[in-house]
Amino acid sequence: MMSGGEERQGNDFKMFEVSHEMQNTRHGSSSKPAADQAKRRPSAVLGLGVAAVLVVFSVAYATVRCDVPVDCIFYFFSVCAFTSVIDLIIGLEQDGYISGFMEFYMNEGEPYLRTAYGMMICYWDGSAHYILYLLMVMKISNGQSYRNVGLYWLGSLSMSMIVFLPGNVLGKYSTDIRPAFLLNVFFIILPIWAGLRVFENSRPAPEVASDKGSASKVILYPSCPFQVALECPLDSCFTYVYQYEPYIKDPVAYPRVQMLVYLFYALPLLCFFAYGLLVPGCTWMLDWTLIFAGAVAQAQFSHTGGSLHIRTPFTYRVPEESMWPVLLLNLLYVVGPQILALRCLRHPEFFLRVPSQTEMDLDKKQKKYEHCEEPAGIPAVVNPALLPGRDATRKKGQLGIGDILHLCHYMDTERHSSYTRVGISQQPRRDTQITTTITAAAALMDTWGGDRESREGLGLNQLSEDESGLVIVQTAPGKVLTHRGGTIILPCRYHHEPEDTDPGRLRIKWTKVTDSLTFEDVLVALGQQQRTFGTFRGRAFLQGSDPGDASIVIHNVTLQDYGRYECEVTNDMEDDTGFVNLDLEGVVFPYHPRLGRYKLNFYDAEKVCKDQDAILASYDQLHAAWMEGLDWCNAGWLEDGSVQYPISKPREECGKKEAPAGVRNYGYRHKEDELYDAFCFTSNLNGKMVYFLKTYRKMNLAEAMAMCQKDGSEIAKVGQLYAAWKLQLLDRCEAGWVQDGSIRYPIVNPRARCGGPEPGVRMLGFPDKKYRLYGVYCFRKNNDTGQDFGSEITRKVQPGVKSAKTHYTSDRLEPSNI
């Protein structure tokens, strides 16, 4: 039995135990009941966090669901704005400005937010991110582009997560990770989705006053103390880390991870940015500079603030005597990327091929023609009499103007798998060949009315008009013909309303259609500034003879310039386009190397044509050659990756005899694995000449090459010999070496003992280079030669013959027309 004093003493002891247990429970000590309770609370905190997010999402959805439909990313940003306010409350509470709001969450949820770095990212999320979320929500509600703001936010949030999450796992708080840590998954997975949506959002059209065409100066970014994070043994590193930024050694690991991110990610990006500032046309600069600016701003705010905050142990804080140099250095880290991003936003014309121009143009073209289908009942040859009026409704078996224009584009960009196409007769009847482009243009001019004679005088008979009517572009129908080395004007005129529109706001863009809906930039003009691209640099410029003239002048035309060109005129958000076809005078010839037939993949075919002063022929060029009589039984590569061959005289060994004549098509083949011959195309010799060198004896290949060099020339290539035969009418009934080791000779006027009744370039195959003796065909400029070439060229051509009909046998050295 206890006395009264002992009883009071025991009660006091029990009260002390209860008080001590409550205190331990509050601070997470090791008493068993408190530990069990603490194990239950973190899971509850995770559940509460998820529930809060879902509630905010539901409220946002219920608020706007009855209004105009918005982008679904609107709800994501709304929830993120709510979490930003929570982070701001956490930061303010940890600094003692408020109390009693988030203490339970800090104890049982994410205790590492008590660190200086954790408080800094809370402040950043509650201020900078909150403002960005509100801006994006406002822009989405107003139907404006939020791309630039979204990219800045994406960089900031990505940098925060890249440093914060590994720092939690690697630092001294790695043992205090609770289930609430999984809430950060929300800020990893969903921002990836949001980032993709931001990239998909269209870029606002830049308002450009002038073109900063010169190479920009590289923004020098100061060297960062990256090596310190890797335990650099140099004295300078030791001095820096202990006298300037000892925070890098803080065991919380955040600053060390930050330096490693700078080293392995930021530093390479800066090198790419330096390249992008010196080389025009780096489109990625406009996006990645914004992402980088946001990332560095967040990183430096959190890193610098953490190094100065009172929560950082005194030994790891920045010393007072070196505070200002450290602050200025870190401030410079922030300012550099912001200036770089601002420069890209203010002067995007230096990068020109930006998504707001190139990718949006491509998407617009694809949408414009994605519903183009061939209407039923189209005849094999389109008759102008079948075309109804401009506003007439299409009837069965007839085409409206809109259908014709769509069909023209479809036919010019998509190659059918058969030689039978709309607008092309199934039989090679030249007199009935009518292209849909010319038919559509003629019908359109008939229905459009107006001063037809004045338009014909300008040669502008095809009109393409946007539905808005604010910009009208006129281009020439048919084809504009020139030759290699010549100068050509691709005509294009425009009219815009109102007529007093500032010409400085008009953008004129010329692109070359290199494949189906694939565009290669040629020239872009903004006001008085112009920029050309690729091989067109220094050769192309706008004619600009008067207001409304968007014609382009191309000097020194090359073989690669052949193709379809698009003229686009943009006035703010309104634009219109027209197309011009550039054709070259030239000749198509089949080619296979010394190894024999069917030895070339697509890339080999490109190379052998280039080696012989030619390019791979297009379908149109091969079809034109077939119309002139080209007959070749071996399939060959074309420039679009298809394999085809022309047959003028159907026979059993070249398909089926009963099959109609035409261009036979194997379709698109595997460019690396499948082997065929090649069809090459070459144009005139641009002021140069091929001639047969008269010598006192025949020569082998090495001697022939030496003789041409001795004569001030070089041995002719196959393409040069074909160009001389076709365009300069070279006629010589003597076999001679050419550059690839084959024996050939050109015949314009067929005659007895000169290889058959048809004109063409005869081939005797690939004889032994060392022991077989022949003459040689040389190649040089006209003004360099003093001999008379008149005897080598014949001006009389057999009437009605435009091209050679060809056949070839390689088992014996007999001449053949190729």
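Rule-based calculations on the coordinates, nothing more; no lab input. Keep in mind that what you see is a predicted model, and the values were worked out from it rather than measured. All Cβ positions, even for glycine, are placed from backbone atoms using ideal geometry, and neighbour counts span all protein chains on display.
Odds and ends about this structure:
- Cut-off 15 Å, label 7 Å out along Cα→Cβ of Asn686, residues of the stretch 559-580 by amide N: 559-562
- Which listed pairs, of Lys717/Lys781; Lys688/Lys726; Lys479/Lys607; Lys717/Lys770; Lys599/Lys688; Lys479/Lys657, have C-alpha distances above 26 Å, in listed order: Lys479/Lys607; Lys599/Lys688; Lys479/Lys657
- Spin-label model distance (nm) - Phe238 vs Leu773, 7 Å beyond Cα toward Cβ: 8.5 nm
- In a DSSP loop and with at most 15 other Cβ atoms within 10 Å, the GluC sites (Glu not before Pro) in the stretch 641-725 are Glu658, Glu672, Glu674.
- Checking every one of the chymotrypsin sites (Phe, Trp or Tyr not before Pro) in the stretch 708-772 against DSSP loop status and a limit of 11 other Cβ atoms within 10 Å picks out Tyr771.
- Charge sum, other residues only, whose C-beta stays under 14 Å from Leu584's C-beta, Lys/Arg counted +1 and Asp/Glu -1: -1
- Computed over the stretch 586-681, the P(r) curve from all C-alpha pair distances, binned at 5 Å from the origin, holds 3, 16, 26, 25, 19, 9, 2, 0 percent per bin.
- Inter-site label distance for Glu714 and Gln529 at 7 Å from Cα along Cβ, in nm: 4.0 nm
- Each other residue within a Cβ distance under 12 Å of Thr312 adds +1 if Lys or Arg and -1 if Asp or Glu, for a net charge of +2.
- Rounded FRET efficiency, nearest 0.05, which uses the C-beta distance separating Glu497 from Leu134 and R0 of 35 Å: 0.35
- Among the chymotrypsin sites (Phe, Trp or Tyr not before Pro) in the stretch 654-715, those placed in a DSSP loop whose Cβ has at most 14 other Cβ atoms within 10 Å are Tyr696.
- Additional length obtainable on full extension of the chain from Phe541 to Lys694, 0.36 nm per residue less Cα span: 50.6 nm
- Cα-centre dipole for the stretch 685-792 with unit charges at Cβ (Lys and Arg positive, Asp and Glu negative), debye to 20: 200 debye
- Charge context of Arg484, other residues only, Cβ under 9 angstrom, K/R +1, D/E -1: -2
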